[in-house]
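Here is the structure we will look at, set down as structure tokens.
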Amino acid sequence: MFQQGSKWSTVLLVIILLLSFVMLAFGFAIYGDTITQWWIPVIPAAMVAFGTAPMIYHRWIRLTDIDSKIVNFICHIFVFGAITYFLFLGVNYWCADPQTIVEEQVEVVDKYQKSHTKYRRVSRNRRVPDGHYNTYHLLLKLHDGREKEIEVPFSTYRSTRNGGHRNLTLEKGFFGLTIIKRQVKQKKQAD
């Protein structure tokens, strides 16, 4: 299809790598709403990536234009790992069973803020610090002992106390991982 070393093979490689980064970012975003240990979605991604590598990694030579087995192996592991990570968490989230929705009252174990440096661009290749901003986090403990850190807006952070309780809508995902469903606040109806 593509000749080794052609312009189109390089363009296709860049597109594939960019899509892999995007899928990995979406996977991290979905992980933020999934209550599980970090390594649980990594295991299936690694199994698929490493399981298919001996059969497929040598075909990456057409795209990378490098005869190095190590480079082609790393490209294969990254791309297939990112795709599988996203698909595992995405299918778990989007194919969740709506009959398992439960409202659970969770305990706020800790609340804290993280300070980050804001940068501004002053020229093409130069960015300088331009102040700080904070993100606000709650560490929640479920009834079964699992803990989950979530990022919240300042208004929620301000009104929450350590040892207090929050209501979460939880749902069992397709692969059995619990997910946090966001609910739209209902407007009060006038009588």
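Just so you know, all these numbers are worked out from the coordinates, no wet-lab data involved. Computed from a predicted model, the values in this text were never measured in an experiment. Here Cβ is always computed from backbone atoms with ideal geometry, including for glycine, and neighbour counts include all displayed protein chains.
Can you tell me how much longer the chain between Asp67 and Ser159 gets when fully stretched, taken as 0.36 nm per residue apart minus their C-alpha distance, in nm with one decimal?
Working: separation 92, 0.36 × 92 = 33.12 nm, distance 5.87 nm.
Using 0.36 nm per residue and subtracting the Cα-Cα distance, I get 27.3 nm.
How big is the equivalent ellipsoid of the chain along its three axes, where each semi-axis is √(5λ) from the Cα gyration tensor, reported in whole Å from largest to smallest? All intermediate terms of the calculation are to be shown ahead of the outcome.
Working: eigenvalues 313, 121, 48 Å².
They are 40, 25, 15 Å, listed largest first.
Hey, can you rank 69-82, 21-34 by average C-beta count inside 10 Å, highest first?
In descending order of packing, they fall as 69-82, 21-34.
Let me check against my output: what whole-number percent is the relative contact order of the chain, with C-alpha pairs under 8 Å and at least 6 apart? If you can, show how the numbers build up before the last one.
Values: 287 pairs, mean separation 43.8, N = 191.
Averaging sequence separation for qualifying contacts and normalising by length gives 23 percent for the chain.
Let me know the charge dipole size of the chain about its Cα centre in debye, to the nearest 20, where only the beta-carbon of Lys, Arg (+1) and Asp, Glu (-1) is charged.
Numbers: 24 positive and 15 negative charges, 191 e Å.
It works out to roughly 920 debye.
Using the per-residue mean of other Cβ atoms lying within 10 Å as a proxy for protection, in what order, highest first, do the peptides 88-95, 102-109 fall? Mind showing how you got there, number by number?
Working: 88-95: 17.9, 102-109: 14.2.
Highest to lowest by the protection proxy: 88-95, 102-109.
For region 115-149, which trypsin sites (Lys or Arg not before Pro) are in a loop by DSSP, counting at most 15 other Cβ atoms within 10 Å?
Values: sites: Lys118, Arg120, Arg121, Arg124, Arg126, Arg127, Lys141, Arg146, Lys148; in loops: Arg124, Arg146.
Passing both the DSSP loop test and the Cβ count: Arg124, Arg146.
How far apart, in nm, are two points set 7 Å out from the Cα along the Cα-to-Cβ line at Asp144 and at Leu87?
2.6 nm
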